[in-house]
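Peer 1: Below is one structure. I have some questions about it.
Bear in mind that the values in this text are calculations on the coordinates, not laboratory data. Just so it is clear, the model here is predicted, and its values are computed rather than measured. Positions of Cβ are backbone-derived with ideal geometry, glycine not excepted, and every protein chain shown enters the neighbour counts.
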Amino acid sequence: MSKSSEATVLGKISYTNAWPVFHYFDSEKLTHPVEVVTEVPAVLNKRIHEGTLDLSAMSSFAYGLESERLLILPDVSVSSRGEVKSILLFSKKKIEEIDGGTIALTNTSATSVNLLKILMMKFYEINPQYVTVEPDLSSMMEVADAALLIGDHAIRASWTDHGYYVYDLGERWYHFTNQSMTFAVWAVSADYAEDNSEIVQEITNAFKASKTRSLEELTPVVEAAEQQIGGTKSYWYDYFQNLCYDFGENELQGLQLYFRYAHELGLMAHEVRLDLWNENKLIRVTE
């Protein structure tokens, strides 16, 4: 059924890493009503799974779980080619020495948790135990040898005088694979897109325009981050300019590799096919 008379329910990631895609996105200027739901990735992922969001930014891993009924929107993502600066493993010991130890995981993002497990199993060939706790570095380190933090929690923790080893998972992935890593994609329900292609196109265009304008006029985004999260302007300029907000061939190849490893290692029950949406047709991606 078309939702031409109903509001489109759209999920917005609350973390700063997605801000450039949303900063100049104004749902009030769209021709179709849009209800924006702002949450951490885990909540948006759950709502996508439940079918209570039509379109959303979401963890890449969560997309993989639902890939048979979702389409990736073109040209927008949160990716890195090397350091991501906000997906960080804090450790009491060198990473090679964690084998048999315990890692405390954040409970807010599936992509980063499974990226860590891929790195541990595939490249470091170690097998730590995992516990999932609230994202607070001090309390995590009370129960574990290392702690994974993401997003603003990781950023704030990186500014403290903690004394731990710190590993950037984006850098570690690039070190071992020479590939980009895509942490979040924008996806739409295939059923919704089929019935509402004009709405999806308008929203997609608005995201792309916001991304482009943000990177051209970054100061307002930087000032908002400095005011709400802390830190310095120079930190935030470096942070946002370091990330990649495109979803092109590099990001596609890196995400395909991530999903292939996730399936090989038993983290994803099925192989993931990446299906992209555009205005005219479904773009089916094959390796």
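Peer 1: Which residue pairs have Cβ atoms under 9 Å apart, sit 6 or more places apart or on different chains, and have a first residue in the stretch 79-103 that is free of Cβ contacts under 8 Å to residues at least 40 places away in the same chain and a second that is assigned to a helix (DSSP H, G or I) and among the aliphatic types (A, V, I, L, M)?
Peer 2: As it stands, the answer is 99/120, since those pairs meet every condition given.
Peer 1: Considering only residues that are outside any loop (DSSP other than H, G, I, E, B) and β-branched (Val, Ile, Thr), look in the stretch 22-58 and name the one that is surrounded by the most Cβ atoms within 10 Å (Cβ to Cβ).
Peer 2: Per the criteria, the residue is 48.
Peer 1: Look at residue 100 and say whether it is more than 21 Å from residue 265 (Cβ to Cβ) and of a type in the set (Gly, Ala, Ser).
Peer 2: No; evaluated as a whole, the condition is false for this residue.
Peer 1: Out of the residues in the stretch 239-251 that are surrounded by fewer than 16 Cβ atoms within 10 Å (Cβ to Cβ) and in contact (Cβ under 8 Å) with a residue 60 or more places away in the chain, state the one that is farthest from residue 85 (Cα to Cα).
Peer 2: Of the stretch 239-251, the ones surrounded by fewer than 16 Cβ atoms within 10 Å (Cβ to Cβ) are 241-242, 248-250.
Of the ones still in play, those that are also in contact (Cβ under 8 Å) with a residue 60 or more places away in the chain are 242, 248, 250.
Numbers: 242: 9, 248: 21, 250: 19 Å.
Top of the filtered list is 248.
Peer 1: Counting only residues that are closer than 30 Å to residue 277 by Cα and acidic (Asp, Glu), which one in the stretch 195-238 is surrounded by the fewest Cβ atoms within 10 Å (Cβ to Cβ)?
Peer 2: The qualifying residue surrounded by the fewest Cβ atoms within 10 Å (Cβ to Cβ) is 216.
Peer 1: Could I ask something else about it? Pairs, please: C-beta under 8 Å, at least 6 apart or cross-chain, first residue in contact (Cβ under 8 Å) with a residue 40 or more places away in the chain and in the stretch 187-199, second among the basic types (Lys, Arg) and surrounded by 20 or more Cβ atoms within 10 Å (Cβ to Cβ)?
Peer 2: Sorted first by the residue in the stretch 187-199, then by its partner, the list stays empty.
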